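Engineer: The structure under discussion is supplied below as structure tokens; questions concerning it will follow.
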Amino acid sequence: MVLKESGVRRQEAGEAGGLRRLLLGRTIVAAVAVGALGAALTAAAPDRHSRCYYVYVAAESDDEVSLVRYGRNGAEVIKTISVGSFPAEVEGPHGLAIGPDGGYWYVSIAHGFPYGSVHKYETGTDTWVGDVTLGLFPATLDVASSTGLLYAVNFNLHGPLEPSSISVVEVETMTEVARVEAGIRPHGGRLSPDGSFFYSVNMMDFELVELDALGFEVRRRLSLGDGVRPTWVSQPTADGKVYVTGNNVAKIFEVDLESWQVERTFETGPGPYNLDLTTDGSTLVATYKGGDSVGFWDLESGRERGRTDTSRTIPHGVVVTPDGEYAFVTLEGVGAEPGTVEVYHVPTGERVGAVDVGKQAGGIAFWKMEG
């Protein structure tokens, strides 16, 4: 395990904390039953091909990052890495990203004195390389394949609502080179494929934001409607669309980047939170944080072709494998429950694997395929 290495400290619960408190009174599946389900799914994992898939997963309430593999033997945790600084504190690893060449992974540590940070690790060995202090509650992040610059949103859960920022980090030296005011509670950021633009949402300004990723300035803002609280935006598709989750209105918005307006609106299950696309842009996979389910959308027809209930409560992150075969989904769980990583076969929506990780599993990033 990697020793905890820098001085950051948890100040408040993560943005999912409110949902967790609301759900504590629910009747939940007993831990033994869920464990049995995970074991059964692992044993029954279909032998579709010989590939293995690897993802990194953050457990926010246990200060851990797990390396999870899915293959012929089902889903399994092959390593757990301790992150943070103080064993007696919960510091909140939140967002994850893999560098363009797959050689490094990056994790945001949300809570500090008072500021959070982003840490760099070598993939495979999972050796800590360096860190940089950012703003209040750094959350989601992405790394540009063209420039290697890292973009992290400073969500800022502390104190009254006020505008926060997007940090830009040069990852060779782990130096913050720019900090751009974005809006109130920025979240859910992703880069365009060429690294020219960084798209994020402002949850409490009810808008989508386009950042000029090279000029370090906000280029455009799009209101999604008064009171709509967006939580995530997809990477742009080849035909110039992005998809935005309207968490509190049970909708996903399709935004055309050329016209900079909403073209279609999809009615979803309760609480759409995170989403990812297949590489060919044909299918969108969304987690429904308020509905304990995962939705599979055919984007040509604009119809949800399947929805599968999750084995635990509060689905959070989702990442689709580059071949479009599988979606890995994190489940936070509630109370003393561990978090869970579930694996879904994208063409059918079938859950084919599950494995427990640390508490409040959230951030997830795809690393590599083998075979």
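Engineer: Please go through the stretch 112-138 and pick out each residue that is hydrophobic (A, V, I, L, M, F, W, C), closer than 14 Å to GLY92 by Cα and outside any loop (DSSP other than H, G, I, E, B). Quick ask: steps written out before the conclusion?
Structural biologist: Within the stretch 112-138, the subset hydrophobic (A, V, I, L, M, F, W, C) is 113, 118, 128-129, 132, 134, 136-137.
Remaining after also requiring closer than 14 Å to GLY92 by Cα: 113, 118, 136-137.
Matches in the stretch 112-138: VAL118 only.
Engineer: Condition test on GLY353, is it buried (at least 20 other Cβ atoms within 10 Å of the Cβ) and within 23 Å of SER82 (Cα to Cα)?
Structural biologist: Criteria not met by GLY353.
Engineer: Which ones in the stretch 193-213 are assigned to a strand (DSSP E or B) and either farther than 20 Å from ALA286 by Cβ or not hydrophobic (A, V, I, L, M, F, W, C) (or both)?
Structural biologist: Going through the stretch 193-213, the residues assigned to a strand (DSSP E or B) turn out to be 197-202, 207-212.
Of everything in the stretch 193-213, those that are assigned to a strand (DSSP E or B) and either farther than 20 Å from ALA286 by Cβ or not hydrophobic (A, V, I, L, M, F, W, C) (or both) turn out to be PHE197, PHE198, TYR199, SER200, ASN202, GLU207, VAL209, GLU210, LEU211, ASP212.
Engineer: Same structure, new question: Kindly provide the set of residues from the stretch 154-203 that are more than 19 Å from LEU214 (Cα to Cα), among the hydrophobic types (A, V, I, L, M, F, W, C) and at pLDDT 95 or above, ordered by number.
Structural biologist: PHE155, ILE184, MET203
Engineer: In this structure, is THR147 touching a residue at least 40 places away in the same chain (Cβ under 8 Å) and under 27 Å from ARG51 (Cβ atoms)?
Structural biologist: Working: touching a residue at least 40 places away in the same chain (Cβ under 8 Å): yes; under 27 Å from ARG51 (Cβ atoms): no.
Spelling it out, it is not the case that THR147 is touching a residue at least 40 places away in the same chain (Cβ under 8 Å) and under 27 Å from ARG51 (Cβ atoms).
Engineer: Return yes when ALA59 is under 13 Å from ASP356 (Cα atoms) and either among the polar types (S, T, N, Q) or at pLDDT 95 or above (or both) and no when it is not. Give the steps one after another, and end with the answer.
Structural biologist: Working: under 13 Å from ASP356 (Cα atoms): yes; either among the polar types (S, T, N, Q) or at pLDDT 95 or above (or both): yes.
When the stated conditions are applied, ALA59 passes them.
Engineer: Looking only at the stretch 245-303, count how many residues are of a type in the set (Asp, Glu), under 19 Å from GLU325 (Cβ atoms) and within 18 Å of the chain's Cα centre (by Cα).
Structural biologist: 1
Engineer: Would a scan of the stretch 299-309 turn up a residue that is free of Cβ contacts under 8 Å to residues at least 40 places away in the same chain, more than 20 Å from ASP280 (Cβ to Cβ) and either out of contact with any Pro (no Cβ under 9 Å at 6 or more places or on another chain) or of a type in the set (S, T, N, Q) (or both)?
Structural biologist: Looking through the stretch 299-309, at least one residue is free of Cβ contacts under 8 Å to residues at least 40 places away in the same chain, more than 20 Å from ASP280 (Cβ to Cβ) and either out of contact with any Pro (no Cβ under 9 Å at 6 or more places or on another chain) or of a type in the set (S, T, N, Q) (or both).
For every residue, the table says whether it meets (1) surrounded by fewer than 16 Cβ atoms within 10 Å (Cβ to Cβ); (2) out of contact with any Asp or Glu (no Cβ under 7 Å at 6 or more places or on another chain).
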| position | (1), (2) |
| --- | --- |
| TYR70 | no, yes |
| PRO87 | yes, yes |
| GLY95 | no, yes |
| VAL107 | no, yes |
| LEU136 | no, yes |
| ALA139 | no, yes |
| SER146 | yes, no |
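Engineer: I'd like to verify a number: residues in the stretch 58-79 that are acidic (Asp, Glu) and outside any strand (DSSP E or B), how many?
Structural biologist: So the first thing to find is which residues in the stretch 58-79 are acidic (Asp, Glu), and the list is 60, 62-64, 76.
From what's left, outside any strand (DSSP E or B): 60, 62-63.
Of the residues in that region, 3 qualify.
Engineer: In this structure, does THR330 turn out to be touching a Leu at 6+ places or on another chain (Cβ under 9 Å) and among the polar types (S, T, N, Q)?
Structural biologist: Details: touching a Leu at 6+ places or on another chain (Cβ under 9 Å): no; among the polar types (S, T, N, Q): yes.
When the stated conditions are applied, THR330 does not pass them.
Engineer: Output the strands (runs of 3 or more DSSP E) that fall wholly within the stretch 318-371 and possess 2 or more residues being in contact (Cβ under 8 Å) with a residue 24 or more places away in the chain and among the small types (Gly, Ala, Ser), or say none.
Structural biologist: On the way: elements: 326-331, 339-345, 350-357, 361-370.
Where strands (runs of 3 or more DSSP E) fall fully within the stretch 318-371 and carry at least 2 residues being in contact (Cβ under 8 Å) with a residue 24 or more places away in the chain and among the small types (Gly, Ala, Ser), they are 350-357, 361-370.
Engineer: Given the conditions (1) surrounded by fewer than 22 Cβ atoms within 10 Å (Cβ to Cβ); (2) in contact with a strand residue (DSSP E or B) (Cβ under 6 Å, 6 or more places away or on another chain); (3) small (Gly, Ala, Ser); (4) within 27 Å of LEU331 (Cβ to Cβ), report the number of the one that GLY281 does not fulfil.
Structural biologist: (2)
Engineer: Now for a separate question. Of these, VAL168, VAL129, VAL177, which one is touching a residue at least 24 places away in the same chain (Cβ under 8 Å) and buried (at least 21 other Cβ atoms within 10 Å of the Cβ)?
Structural biologist: Exactly one residue qualifies, and that residue is VAL168.
For every residue, the table says whether it meets (1) among the basic types (Lys, Arg); (2) modelled with pLDDT of 95 or more; (3) farther than 15 Å from ASP126 by Cβ; (4) more than 23 Å from the chain's Cα centre (by Cα).
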site: GLY25; (1), (2), (3), (4): no, no, yes, yes
site: TYR53; (1), (2), (3), (4): no, yes, yes, no
site: ASN73; (1), (2), (3), (4): no, no, yes, yes
site: GLU91; (1), (2), (3), (4): no, no, yes, no
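The values are calculated or read from the model by the stated rules, or taken from the named source; none is laboratory data. Note that the coordinates shown come from a computational prediction; the quantities given were computed from them, not determined experimentally. Backbone-built Cβ (ideal geometry, glycine too); neighbour counts: all protein chains shown.
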